[in-house]
Each structure stands twice: as C-alpha cells, then as structure tokens.
Amino acid sequence: MIESPTKPQHHKDTKTLIDALLAEQQSLTAVDRFSRWHESVNPAAHGISYQHLIPLTKPDKGEQYGFEVDLDRCSGCKACVTACHSLNGLDEDEAWRETGLLLGEDWRQPYQQTVTTACHHCVDPGCLNGCPVLAYEKDPVTGIVRHLDDQCIGCQYCILKCPYEVPKYSVKRGIVRKCDMCSQRLAVGEAPACAQACPNEAIRISIVNQEDQATQFRGDRKRRASSDALRTIPTPLFLPVSPLPSITVPTTRYVSGRPFPQAITSADAGTTKPQPAHVPLIAMLVLTQMSVGISLMFPLMHNRLGSPVIMAAMSSVLLLAGLVASVFHLGRPLKAWRAFLGLKTSWLSREIVAFSGLVPLALSTLVLTCFHTPWASALRVPVACLTAGIGVLSVACSSMIYQDTKRVSWKGWRTFSKFFGTTALLGTGCAWVLGTLEGRAEWFLGAMLATFQLLKFAAEHLANLPMERDGEPTSEMNKVGSPAWQLERSERLMTGRLGGWSRSRMALGWLGGVALPLFCLVNPAASPITSLAALTLIVAGECVERSLFFRTVTTFKMPGNL
C-alpha cells in the first residue's frame, strides 16, 4: 500500500512575499497620515490653523522670529518648495525655498541628510546693507527681512552680498524677490506655507534672541573662514559645510538628534559652473578705469602733447560711455537716480556718488584745456589733479563693492590689483598712442606699458593660487569651504570650461601689452598704426579678463543637490 505524501505543514508565522507587499501597502506614508489628519480634524473649522508651528506671542525687545528645521523629520519631499511656489505665485524657474543634501565623506560611516533652506532673516542682513536704494527693511518687531518690490531697481547687488544666494532676480519683472516668512499669514496667526505644507512638521517658527545669535557666531571676529571654523559650529544652531554664519548672523536653527560626522560635504560640492558675465558691468568697469587712467596721465602729458584737448576729451567720453553702459545692467533703469539713498552702508551707492562727482570734474578739465587764457592755464593743472584724485577714489569704491561680498576670489588685494592694474595699463596705453600719433613717441611710456602688463599678469596668476596668506596651507585646499578650496574651484574654471577664454586673454595681453610696445621701442620708425593696434589688443584683453573676473567667482552657498 502506497502512502500518500505528507502535506507540508504551514506555520502561522510564515509570510510570503505577497504578504509582505500587502502589509507594506497598508502602511501609510507621511503624506497619507497628514492627509487623513487634515480631513478628520479640519483645522480651519476648529480654529487650530497650525498654531502649534508658530509662537503664540510676539517677540520681545531684542528678539525676532526665525525658522527652526528639524533635520530628523525632513524627508526631502519638497512639499515646502511646492507650497512656497504656489502661494507666492513664483515664476516657473523661481524658488524661494530649496532642498539640499549632506553626505558623509567616510565610507565607513555612511551619512545622508536632506536639508530645506530659505531666507535666514539675518540679524545683520547683507542684502539690506548692500542695497543702494533701501529696497529692504527689517521689521522692528518680528525681525523679518522684507524686500520692497516697488523700490527695487534690479541692480542685483543683494544677490552678491548674500552669502546664501537667497534673493532671486526676476527677468520678467526686472527686480529681485525673496522669502518674507509669509508675514501676511503670521500677522493673522497662520503658519507660513512651507511649515503648513510639510507632512512631517519639520519646519516651524521660533523666537530667537538676536544678541545670543550674534555672540555665538561673532564671538571670535578674528576667526578666518576656514573649514575647521565651519565644522565647529554647534549642531543645534547651524549647518556645517555652509557659509560662515558670522558674516550676517542667520537666525535659522537646524536641530538634529544625531551629530554631524567630521567628514561631511554637500552633494553639489564638486559642481563648478560659470557665473553670469554681467556684460554691462564689464563695459562700465573697463571704460571708467580707462578714463581714470587717462586722467592720471593728463598732468604728466598735457604739456608734451601738441593737442591735449584730445586726451581730456577721450577721458570724458570714456567716462560717460562707461556710466551709460552700467544703466543697462539695471532691471529698472528709470529709478537709478535713487541710488544715493544707501550711501551710509552700501559701497555701490558710494561708487555711484563718486563717479557722479567725477563727471563735472572731467568736463571742467576738458573746458579748461580748450581755453588758453591765463585763468584757464592757472586752473588747468589743479583741476586735473583733483579729477585724478576723485578718479582714484571712484576706482577704490568699485573695488570695495566686490571686496564687501566676502568672496575669496574677490578678496581685497586680488580685486584692487586687477582694477588699479587696468587703470594704470590703459591710461599709459592711451597716452603712448596719442604721443605716437602726433610723432612724439615717448620711449618711457612704451616701457611703462610693458612693465604694467607684466605686473598685472603676475597679480592675476597669484590671485588664483591657494597661498599661506589666506590662513591655510595648500594641502588644505580639498577641505570643503576653506578659502583654498574656493580658489581651487575658481582655478578649475579658469583652466577647464573657460580655458579657451583664459588663453585668449593671455595671448591678447602678451601681444598687445608686451610684444608690440617692445617692438616699437627697438624700432622707433614703426608706424603709429602699430601702437593703435597694441592698444586695441590690450583693451580686448582687459575685457576678457573682466569677464573671467565675474564668471569664475567662487560661490559658497547652502547645500544643494546632486
């Protein structure tokens, strides 16, 4: 008798793959849980209005509102980004709140953290301090930094001043816009759109003591923006691998129950892309510095030229052309007359006022040069020297505009050497060309021209080298956020994606600024067209150099995505 095979015994605790998938489908996601809670509770009808996400009292004196982000709850779903975009009616490519990603660099300690960021409503906001038309205000009660759209002229300087790249330029409107913490909702007891939309309630509004924040972030004013300084920021207060908070004292608090690893980076740390070229600013800077260079040479050369009027006229025309070119950089040029309002804090306002004062002086020098009366001859040199002095002050203000942004590749001596190098180079070149065209070639001007060009090349080369003077040895360049690391990114653009422009700039400078002047020195019978061609090549080279100045600037912002 054949026995039937025994049937397999099924245990109650045995689960198949189908059972596991069905169980997974029955578990709710954060969005599902949020949706069911919203439908069952109906916050609007019960007067809840998400008030547990905002303070129930206004800040006291010395306090303000600030975002508080629970990193352990943030899943990177971008519900906050979508809600902010929808509520504020932003353009398709415009975002006031973004998400980023922090990654661990040590494979033995895996780490990944999503981060949501928006305006930090800083205690000492750079956007407000840099605006030339006072288009920003910091609410005295809530501390919220608002942008006044009707005041904005679209100069975009606030974008450069903000280390977090918060303000966004709207080409369609010709103005800059930014997050205002949904102040209109806070005023009636409603949470901001980003906080209300987050299914995990990772974003809320808290009250921050301004003095405590400033003490925490500016306790050591002599501390340089090194990677070690960035990494020693306490976890509950701000993020590592982000701009040094001592610059503007942000009020956003990032809270996490787990410490950040020592080796950490942002997902986009290795991404390098050229920045906007700002063509109108290139024209403005080159032309105005050329004009100032000519005004510096005028007291030396006006008696050596047969027609000094041409030199004075060239200085005035170039100055006016440069100032007109700068207007094309504005989104609302008709409101540019208000740019003096920020004179107290904005270097851009100071530059505009300085150049505005230079215009009548340059024209006065031209008028005095046209007349040969005794009084005109007596005033010509003093007015020309005053014009040159105000011109130097104007170029210094231009340099301080970029120095004040705290970007390493625009650090003081780097920008000053480039701007004043262009001033000396182009001023000498114009004087040399005018002399050769009149048959009064001055050999020392050709020698000065070649010398200035070589010195400028040396300064440009040193400007992109990570050096000990920046507070770190070259071996530290790979640490994210360090000055050397930022300069290495700039140099990578110069030699990589923009390598062709860099080589073109060097070729133009060597040929126009060194080879042709030296050729004219050893061959005094050279045609004046040679000197004119040299000046044309030099100007072209300086335009390329100024384009690289803007396109290769290193930006260090909040963590981004891959």
Next item on the list: Restricting attention to helices (runs of 4 or more DSSP H) lying wholly within segment 423-529, give those where 2 or more residues are modelled with pLDDT of 85 or more and of a type in the set (Ser, Thr, Tyr).
Entry: 483-495, 499-509
Note to self: When the residues of segment 288-341 are narrowed to those that are more than 18 Å from Val353 (Cβ to Cβ) and β-branched (Val, Ile, Thr), which ends up surrounded by the most Cβ atoms within 10 Å (Cβ to Cβ)?
What the structure shows: Ile294
Next item on the list: State whether one or more residues within segment 280-292 are in a loop (DSSP other than H, G, I, E, B), within 17 Å of the chain's Cα centre (by Cα) and in contact (Cβ under 8 Å) with a residue 12 or more places away in the chain.
Entry: no
Note to self: Looking only at residues that are at pLDDT below 90 and in contact with a Leu (Cβ under 8 Å, 6 or more places away or on another chain) in segment 275-308, which one is farthest from Ala202 (Cα to Cα)?
What the structure shows: Leu305
Next item on the list: Tally the residues that are farther than 25 Å from Asn129 by Cβ and without any contact (Cβ under 8 Å) to a residue 24 or more places away in the chain, restricting the search to segment 382-413.
Entry: 3
Note to self: Considering only segment 345-355, I want to know if a residue exists there that is part of a helix (DSSP H, G or I), touching a Phe, Trp or Tyr at 6+ places or on another chain (Cβ under 7 Å) and among the β-branched types (Val, Ile, Thr).
What the structure shows: yes
Next item on the list: Could you please find all residues in segment 72-117 being assigned to a loop (DSSP other than H, G, I, E, B) and under 14 Å from Cys198 (Cα atoms)?
Entry: Asp72, Arg73, Cys74, Ser75, Gly76, Cys77, Lys78, Arg97
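So which residues in segment 367-400 are farther than 24 Å from Phe420 by Cβ and surrounded by fewer than 19 Cβ atoms within 10 Å (Cβ to Cβ)? Explain how you work it out, then say what you get.
Of the residues in segment 367-400, the ones farther than 24 Å from Phe420 by Cβ are 367-380.
Val367, Cys370, Phe371, His372, Thr373, Pro374, Trp375, Ala376, Ser377, Ala378, Leu379, listed by residue number.
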Next item on the list: Could you tell me which of the residues Tyr136, Tyr157, Tyr111 is in contact with a Pro (Cβ under 8 Å, 6 or more places away or on another chain) and either of a type in the set (D, E, K, R) or under 26 Å from Ala187 (Cβ atoms) (or both)?
Entry: Tyr136
Check: Only one of (1) under 19 Å from Pro132 (Cβ atoms); (2) touching a helix residue (DSSP H, G or I) at 6+ places or on another chain (Cβ under 7 Å); (3) not acidic (Asp, Glu); (4) not in a loop (DSSP other than H, G, I, E, B) is not met by Leu379, so which one is it?
Finding: (1)
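Considering only segment 178-191, how many residues are of a type outside the set (D, E, K, R), farther than 15 Å from Gly143 by Cα and in contact (Cβ under 8 Å) with a residue 24 or more places away in the chain? I'd like the intermediate steps shown before the answer.
If we filter segment 178-191 for residues that are of a type outside the set (D, E, K, R), which is where we start, we get 179, 181-184, 186-189, 191.
After this cut, where a residue has to be farther than 15 Å from Gly143 by Cα as well, the list is 188-189, 191.
Right, trim to in contact (Cβ under 8 Å) with a residue 24 or more places away in the chain and you get 189, 191.
Number of matching residues: 2.
Out of Gly429, Gly446, I need the residue that is buried (at least 24 other Cβ atoms within 10 Å of the Cβ), within 30 Å of Arg551 (Cβ to Cβ) and either small (Gly, Ala, Ser) or out of contact with any strand residue (DSSP E or B) (no Cβ under 8 Å at 6 or more places or on another chain) (or both). Which one?
Exactly one residue qualifies, and that residue is Gly429.
Would you mind stating whether Val176 is surrounded by fewer than 24 Cβ atoms within 10 Å (Cβ to Cβ) and either outside the structural domain of Ile401 (by TED's automatic domain parsing) or in a loop (DSSP other than H, G, I, E, B) (or both)?
no
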Checklist line | Test: Thr405 is outside any helix (DSSP H, G or I), crowded, with 18+ Cβ neighbours inside 10 Å and out of contact with any strand residue (DSSP E or B) (no Cβ under 7 Å at 6 or more places or on another chain) | finding: yes
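The values are calculated or read from the model by the stated rules, or taken from the named source; none is laboratory data. The structure presented is a predicted model; accordingly, all values stated were derived computationally and were not measured. Please note: Cβ atoms are built from the backbone with ideal geometry, for glycine as well, and neighbour counts cover all protein chains shown.
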